[in-house]
Structures are given as C-alpha cells and as structure tokens.
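Input: a single structure, listed below in structure tokens.
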Amino acid sequence: MQWYQVICGIAALALSAMLCGCASDDSAGRFLVQPDKYVLYNCKELAVASEANATRMHELEGLMAKASTDSGGKIVSHLAYQPEYTQLHGEMNEMRRTALQKNCNTVSGAANRSSDQAVR
C-alpha cells in the first residue's frame, strides 16, 4: 500500500511543478477564469468585488513572502498559494476588462493596491 502512496505523491509533485510553471505565465490567469464572469455586475458591484480581490491578493503576497524566507519555502509557497493567486489575478483582469466595457473607473483604483505581477 505504501508504494501506491509514493507513486501518488510523485505524480502530485510533478503535476504541481507543471502548474507552477503555468502560473508564472499571465495566460494561466485567463485560463482559470470564466470569460464574461462579471458581465452582469454593475460598476458598484465591480468595485466591491475588486476591493475584496485586491485584499485577498495582498494577503497571499504576504503569505508567499513569509513562506519563501523559510528553507524550502519557495516550493511550499508555489504549491500552496500560487494557484489561488493566479486565479485572483485572472479575475482582476476580467474585472478590469468588464469595467472598461461599462466605462467604470472604480475598479482600477481598488486594484492598484495589489501588485500585478505574481510573486515568485
């Protein structure tokens, strides 16, 4: 039974490594977010969602920075936090795109608190 766990662990590690490679690419965020996800949101709802998104991205940036100071923390950071961070980044881009289409100016202000680059 233990050999099965070892093989599953290796497979999970290989899959995680592949996903971490994708996460560094900005296109991964677009892949993880449904197109037109925010099309039914009005400007005020986009601003609220953007603020919540930016807050969570900021929290994840802090967690990734803290994890990367430990030995082996960079791997842990990528496995634990990078997928969610990449998804949030993609959602933020989708919110910005929707806000531009609706001529909203509230999304970009809230989003500027969080960096646009994934923490590596």
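Throughout, read-outs are computed from the coordinates displayed, never taken from laboratory work. Values in this document were obtained by computation on a predicted structure and should not be read as measured data. Ideal geometry is used to build each Cβ from the backbone, glycine not excepted, and the neighbour counts take in all protein chains shown.
For this structure, a couple of remarks:
- The residue that is nearest to GLN34 (Cα to Cα), counting only those in the range 60-88 that are outside any loop (DSSP other than H, G, I, E, B) and among the polar types (S, T, N, Q), is GLN87.
- Residues of the range 69-99 satisfying the condition of being touching a residue at least 24 places away in the same chain (Cβ under 8 Å) and acidic (Asp, Glu): GLU84, GLU91, GLU94
- Search result, residues across the range 32-41 that are touching a Ser or Thr at 6+ places or on another chain (Cβ under 7 Å), more than 15 Å from ASN105 (Cβ to Cβ) and surrounded by 19 or more Cβ atoms within 10 Å (Cβ to Cβ): TYR38
- Test: LYS44 is surrounded by fewer than 17 Cβ atoms within 10 Å (Cβ to Cβ) and touching a residue at least 40 places away in the same chain (Cβ under 8 Å): yes
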